[in-house]
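The values are calculated or read from the model by the stated rules, or taken from the named source; none is laboratory data. Every value quoted in this text rests on a predicted model; they were computed, and no experiment measured them. For neighbour counting, all protein chains shown are included, and Cβ atoms are generated from backbone atoms with ideal geometry for every residue, glycine included. Ligands, DNA and RNA are excluded from the accessible area calculation, which covers all protein heavy atoms including side chains. Shrake-Rupley method; radii C 1.70, N 1.55, O 1.52, S 1.80 Å.
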Amino acid sequence: MTNEAIPDLPEFNDSALDKAFAALERRATDDAAALPSPEAVEAFRLRWLGRKQGLLSEVSSRWLKAAPPEAKKPVGERFKTLKELVERLLDQAAGAGPTDAALAAEAIDITLPGTRRLTGAEHPITRTLNEITQVFAALGYSVGVGPEVETDYYNFESMNFPPGHPARDTQDTLVVANQERRPLRDRLLLRTHTSPVQMRTMEQQPPPVRIVIPGKVHRNDAADATHSPIFHQVEGLCVDTNITFSDLKGTLDHAMKALFGSSVKTRFFPSFFPFTEPSADVQISCIFCGGNGCRKCKQSGWIELLGCGMVDPAVFAFAALKQPAYDPRKISGFAFGMGVERIAMMKYGISEIGQFYAGDMRFLGQFA
Ligand code: PHE
């Protein structure tokens with residue numbers, strides 16, 4: 001359509017020029033009316049404004065250069081007008097906005113409700129875990145972690161559960177399959193407590209040690225309102241010269257007051273763990289009734305919350321295999337372990353442990 005060459009001009013008088021240029025202006029306007037794509041726009045530009053073969057350069061050489069001297073000016077003026085038109089058409093085509101249909105599709109209906117962006121929030125378990133670690137961080141404890149898939153050695157043997165010892169039965173261990181060809185100490189299992197990280201920490205650094213270890217643990221427990229096969233613990237370990245049971249009591253009494261309020265009391269009952277001697281269970285005065293007795297504390301006024309004790313010399317002996325400074329004649333220490341879910345349930349008045357893992361936004365949203 002537009003590829004016809006520019007004809008030579010037979011005459012250079014005003015009316016002949018007007019007619020010739022008007023024809024070209026129509027041609028350019030028609031040509032620019034149907035440019036559906038950026039490629040078509042570019043083709044239009046080349047066709048009209050191309051340096052060598054563009055129609056305007058042809059007009060320039062055939063009409064402007066060929067014009068007799070007295071016609072140069074009128075041809076030049078008309079040529080300029082034509083060029084401006086072509087450039088304007090090109091600008092319009094290149095900058096053309098979206099079509100009416102595209103605009104309609106993007107239009108916003110301001111009567112619709114907006115899209116609500118949900119604010120993220122810490123999971124109550126994560127929050128409780130952080131609260132506990134922060135209480136101990138304020139006492140100068142560092143924070144450590146260890147693997148959830150653990151060896152028999154770290155989970156049991158080095159924590160003074162010898163092979164075949166009945167204390168292992170209390171741990172409802174989930175073991176990794178097909179490990180029978182390995183020596184017992186190297187067999188893998190899902191750690192049943194965070195205590196193996198006590199040993200991993202001591203193997204890495206000589207005393208003094210003050211560390212808390214938050215983490216996930218696994219036990220082959222049937223799920224019910226207060227038990228879940230996966231739960232969380234925070235372990236604590238303090239080793240130095242002259243650490244006594246009084247230090248243990250003072251530290252945990254402070255921690256319970258920091259977590260549950262300064263009016264909370266603690267008491268320590270004899271207990272047993274293979275890796276601590278003596279061992280104790282810690283109870284706090286019931287935070288629901290203030291110790292008067294209610295349904296939550298089974299009328300006793302006390303709630304059992306964690307296990308603790310002085311590190312057993314047998315455990316130090318295992319640590320001393322890698323770090324001789326753990327000589328039980330020279331150093332002593334205490335350890336404790338608490339269940340995070342249990343503490344979170346008490347702090348937030350939650351009665352079903354399963355709520356933590358169900359992913360129900362109505363439950364989780366309450367902690368936002
Ligand atoms: N690991 C023990 C448990 O899971 C808790 C504990 C930790 C007890 C440290 C004493 C010292 O029950």
Total charge of the residues flanking G215 in space, meaning their Cβ is under 9 Å from its Cβ, with Lys and Arg +1 and Asp and Glu -1, is 0
Any lysines whose Cα falls less than 30 Å from that of K19, other than same-chain ones fewer than 8 residues away, would be K52, K65, K72, K73, K80, K83
For region 3-105, the Debye formula with one identical point scatterer on each Cα and no solvent gives log10 I(q)/I(0) at q = 0.11, 0.16, 0.18 Å⁻¹ as -0.38, -0.70, -0.84
A correct Karplus calculation of ³J(HN,Hα) over region 339-354, with 6.51 cos²θ - 1.76 cosθ + 1.60, θ = phi - 60°, whole Hz and x for Gly and Pro, returns x, 6, 4, 4, 5, 5, 5, 5, 4, 9, x, 9, 9, 10, 4, x
Sequence order, region 126-133: Karplus ³J(HN,Hα) from phi using 6.51 cos²θ - 1.76 cosθ + 1.60, θ = phi - 60°, Hz rounded, Gly and Pro as x, gives 4, 5, 5, 4, 5, 4, 5, 5
For region 109-155, listing chymotrypsin sites (Phe, Trp or Tyr not before Pro) in a DSSP loop whose Cβ sees at most 15 other Cβ atoms within 10 Å gives none
Straight-line reach check, K330, cutoff 17 Å on alpha carbons, 8 or more apart in-chain or any other chain, hits among lysines -> K322
Listed by chain and number, the residues whose amide H is under 5 Å from that of G146, excluding neighbours fewer than 5 places away on the same chain and using placed H, are none
Other residues with Cβ under 13 Å from the Cβ of V175 give, with Lys and Arg +1 and Asp and Glu -1, a net charge of 0
Taking Lys and Arg as +1 and Asp and Glu as -1, residues besides V315 with C-beta under 11 Å from its C-beta add up to -3
Expressed per residue, the solvent accessible area of region 231-368 in Å² (1.4 Å probe) is about 48 Å²
Taking every C-alpha to C-alpha distance in the chain and binning by 10 Å from 0, the per-bin percentages run 4, 17, 19, 12, 5, 3, 5, 8, 9, 9, 6, 2, 0
Cys in the chain lacking any partner Cβ under 4.7 Å -> C238, C308
Here the gain from full extension of A223 to L184, 0.36 nm per residue of separation minus their alpha-carbon distance, amounts to 11.2 nm
Pseudo-spin-label distance T170 to A358, built 7 Å along Cα→Cβ, given in nm, is 3.2 nm
Taking a straight Cα-to-Cα line shorter than 25 Å from K347, and setting aside same-chain lysines fewer than 8 residues away, one finds K216, K249, K257, K265, K296, K298
Karplus-derived 3J(HN,Hα) from phi for region 240-252 (6.51 cos²θ - 1.76 cosθ + 1.60, θ = phi - 60°), whole Hz, x at Gly and Pro, runs 6, 7, 6, 7, 10, 5, 4, 4, 4, 4, x, 5, 6
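Given a 1.4 Å probe, how much area per residue of region 3-105 is accessible, in Å²?
Each residue of region 3-105 exposes 64 Å² on average to a 1.4 Å probe.
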Here, trypsin sites (Lys or Arg not before Pro) of region 35-99 satisfying both criteria (DSSP loop; at most 14 other Cβ within 10 Å) are R51, K52, K65
Taking a ≥ b ≥ c as the square roots of the Cα gyration tensor eigenvalues, with a/c under 1.5 meaning rounded and otherwise prolate when a/b beats b/c or oblate if not, region 229-356 comes out prolate
